[in-house]
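For reference, the structure discussed in these notes is given below.
Since every read-out is calculated from the coordinates, none of them should be taken as a lab result. Quick caveat, the model's predicted, so the values are computed rather than measured.
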Amino acid sequence: MASPYYFGQSPDDSLGDSPRYFYAIRRNDDGELFLARVDNIVDKDTIDLNLPGPPEETFEDFEPGVDFFDGIAADKEVNYANMYYTQYRWDQRSMLYYVDDEGMLVQRINQNYDYPSGNSS
């Protein structure tokens, strides 16, 4: 449906078949989880999937629109030593994650959440 507020194609149609949101997750050596979320229509952010290092330890199979969950082996070792975000996915839905007061990871779909300030990044 065309919107009267846009000339030409609407932002929702500008990505074609590509999903709007990109989510990437990593864990640091202390066990903290970090989630990156990029809105491909609004954000101009970039995400480094690989750290500098030897090419044989680098993940090279990134494909827009294709999810990846194999960055961590069953023994919890990282499969690609240079891979910064070891899992990622694409989705049309706006998903926000947070840890609640009981320590549970919670997902909100298409709902806002005000993250507390002062946390590590």
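Side notes on the structure shown:
- Extension gain from Asp100 to Asp45, taking 0.36 nm per residue of separation minus the Cα-Cα distance: 17.1 nm
- Estimated Rh, the range 16-109: Kirkwood, alpha-carbon pairs, angstrom: 14.5
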